[in-house]
């Protein structure tokens, strides 16, 4: 039990309660994320629902850009397939002259309307959007963690305030008098009033023994034990009544990573890593007091790496599909096939990067990446199919229009 500092022994003034915390305000994308989450605040797994809706809305908003990029990429790949015989011939012809090979390839590509940079700009824009969303989710995660703690601290302090004597509630059931000391709220204990109140709720409590045979420090220890007991219960009650939105399946708290290295309610060191990034300081004593009755949640694993594995697996699948759809470009863009090797490395590196993002950031951000990747996979498969069919039809139509008619062949004869 922590006995808080005695400020002035002769006047019985003590500090009790915890420092209030301001989670701050949201702006920009963070505000949008918060607004969407609030729409589902009454549902279990509200954060998951909010992330999915946010991701689908964002992807739909930038869908024209995605469609343009994927269509352009697929068309370029099909054009490269059409040029494959000529480019393979160039590879053999200039196997020992990379510069000449690149020059001839550029000439061939230009003649066939192939532009290797055609899909780059949309891809760059998509990368910028991803980095902005990563920053926004990180900011909002810190905000959400602080907001939840701030509410718990508020209920903790409200419990303390219930024992403060005011003009409206003057009576023996109140035994603290609030005052200000160096900008902090301090309390003077009316021990006689506490004794009368405590004796009324605890038949085993001897008020006379408390008043006559206890030192002031011993009396304060009993008083602070009583206040902390109820304040801790109130803070934990708030958490338990409002944690449905941040729970989902095996995940205890979606604002922390889906990992056995994290707990549903983290220890002070993990908590401060979020508060420090947000520029807020919470004392270890305050944090331990507010979360004192959440021992079970402090021991529960926050997850089992499920979202991390899914993020890696889906990104690997997306990279594999992209490599398959750009097989010709990967094999033929360099004379020695080194581009294909580079892309194979990318197929390994990108999933690992996504896994690291999932490991370092919140489970909520992992849900975003998974939803975003699934959306991209589905749209890529649909677009690739449509473009392939249309390209094939155009090739057939072009071949038909360039073939001489039977009448023309007879005249030629």
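Here are some notes:
- Scanning the stretch 334-377 for residues that are at pLDDT below 65, surrounded by fewer than 21 Cβ atoms within 10 Å (Cβ to Cβ) and at negative phi turns up 334, 336, 338, 339, 340.
This table checks each residue for (1) more than 16 Å from the chain's Cα centre (by Cα); (2) loosely packed, with under 14 Cβ neighbours inside 10 Å.
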{"site": "215", "(1), (2)": "yes, yes"}
{"site": "224", "(1), (2)": "yes, no"}
{"site": "251", "(1), (2)": "no, no"}
{"site": "256", "(1), (2)": "no, no"}
{"site": "264", "(1), (2)": "no, no"}
{"site": "268", "(1), (2)": "yes, no"}
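- Scanning the stretch 273-288 for residues that are at pLDDT 90 or above, more than 13 Å from residue 150 (Cα to Cα) and either touching a helix residue (DSSP H, G or I) at 6+ places or on another chain (Cβ under 8 Å) or not assigned by TED's automatic domain parsing to the domain that holds residue 230 (or both) gives 284, 288.
The values are calculated or read from the model by the stated rules, or taken from the named source; none is laboratory data. Quick caveat: nothing in here was measured; it's all calculated off a predicted structure. Neighbour counts run over all protein chains shown; Cβ positions are idealised from the backbone, glycine included.
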